[in-house]
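A short worksheet on the structure shown next.
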Amino acid sequence: MADGQSRAPRWKRYAHAVGGLFAVGGLVFVVVQLRRYGASLDAVSVRGADWLAFGCLILAGVGMNACLALAWRAVLSAEGTYVTRRWAVATYATTHVARYIPGNIFHYAGRQAVGMAVGLSGRSLAKASLLELVMVGACGVLLGLYATPLLLPALAVPAWFLAVSCIVVLAPWLVRRVAGPAYARATALYLAYLMASAATFITVVCVRGAIMPGGAAGFAAVAGAYVAAWLIGMVTPGAPAGLGVREAVVLYFLRTSMDASTLLFAVLATRIIAVCADALACLVGLALRGRRQETMA
């Protein structure tokens, strides 16, 4: 019995160490990617207003990371596993950065290891990761529908915009009716995260002085194109955090919607903002994990 008791804490220490290694590995790859994208950005003129916008958007990106963490917590609660908001945010932030490690699975493995180390059900954690993929994918497809007029110019843009908007607004309510309030809350948070990601891209475009015709429907089409590119990058095997894939798809969708220099700048800047936000969120998460905190809600 004593031998068994001594093995359990050791196993938990190993699991925590695995989660920490994924976080460190993710930060290393973040630095590598920042150097790569920073070199590309040097070829584009960056103004003082751009840097100010970058800073504000990076801070907003940390909040977007918290949206994902709270959605993950909601999915866990739907599966009968309850954790505190603080623990969920800290754990998600420190493991999410591992998505930049080639393989595109280590952020899920990190959450699995850290969660099991504190006694959470391995089955619930694995199911939550699978459901996250499914739900984020479904939300991405839904918002990506806004970009359909870019591929089918003959489509009635205002009517399509209103139809898709109605579905987006009703989606959490429909999920609540079918699957319950926890899944509805997660759906709303995933939609908020994806819309905020698209808003980041649009903000960078606007800071550069680009004008998008079509009013709200035009903005929504650009947002939908970005979300569609994000989704394609996420599901592409071997592309850590969709690196390269996302940028190529955005360039394809919007090649006729804005000038090449603005589009190139927005694509590169948005990626740098996302990488910096993930890195900053990881550091905040590490600070939270270093403080004594309750795991269970």
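The values are calculated or read from the model by the stated rules, or taken from the named source; none is laboratory data. Because the structure is predicted, anything quoted here is derived from the model rather than measured. Note: ideal-geometry Cβ built from the backbone for every residue, glycine included; neighbour counts use all protein chains shown.
Overview of results
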{"quantity": "Residue that is under 27 Å from Val275 (Cα atoms) and among the hydrophobic types (A, V, I, L, M, F, W, C), where the choices are Ala147, Ala159, Ala154, Ala163", "calculated": "Ala147"}
{"quantity": "Selected residue [small (Gly, Ala, Ser), at pLDDT below 90 and on the phi > 0 side of the Ramachandran plot] from Gly103, Gly61", "calculated": "Gly103"}
{"quantity": "In the stretch 112-141, the residues that are in contact with a His (Cβ under 8 Å, 6 or more places away or on another chain) and under 20 Å from Ala66 (Cβ atoms)", "calculated": "Val114"}
{"quantity": "Members of the stretch 54-98 found to be of a type in the set (Val, Ile, Thr), within 13 Å of the chain's Cα centre (by Cα) and more than 18 Å from Ala198 (Cβ to Cβ), listed by number", "calculated": "Thr95, Val97"}
{"quantity": "Unique residue being more than 20 Å from the chain's Cα centre (by Cα), touching a residue at least 40 places away in the same chain (Cβ under 8 Å) and surrounded by fewer than 17 Cβ atoms within 10 Å (Cβ to Cβ) when the list is Val157, Val118", "calculated": "Val118"}
{"quantity": "Residue pairs meeting the criteria (Cβ under 8 Å; at least 6 apart or on separate chains; first surrounded by 15 or more Cβ atoms within 10 Å (Cβ to Cβ), in the stretch 176-190; second among the basic types (Lys, Arg))", "calculated": "Tyr183/Arg176; Ala184/Arg176"}
{"quantity": "Inter-residue pairs, beta-carbon under 9 Å, first at positive phi and in the stretch 72-86, second in a helix (DSSP H, G or I) and small (Gly, Ala, Ser), 6+ apart", "calculated": "Gly80/Ser124"}
{"quantity": "Selection count where residues are of a type in the set (Gly, Ala, Ser) and closer than 15 Å to Gly215 by Cβ, scope the stretch 151-182", "calculated": "3"}
{"quantity": "Residues that are in a loop (DSSP other than H, G, I, E, B) and among the polar types (S, T, N, Q), drawn from the stretch 102-141", "calculated": "Asn104, Ser121"}
{"quantity": "Residue check, Ala93 buried (at least 24 other Cβ atoms within 10 Å of the Cβ), under 13 Å from Leu288 (Cβ atoms) and either in contact with a helix residue (DSSP H, G or I) (Cβ under 8 Å, 6 or more places away or on another chain) or at pLDDT 90 or above (or both)", "calculated": "yes"}
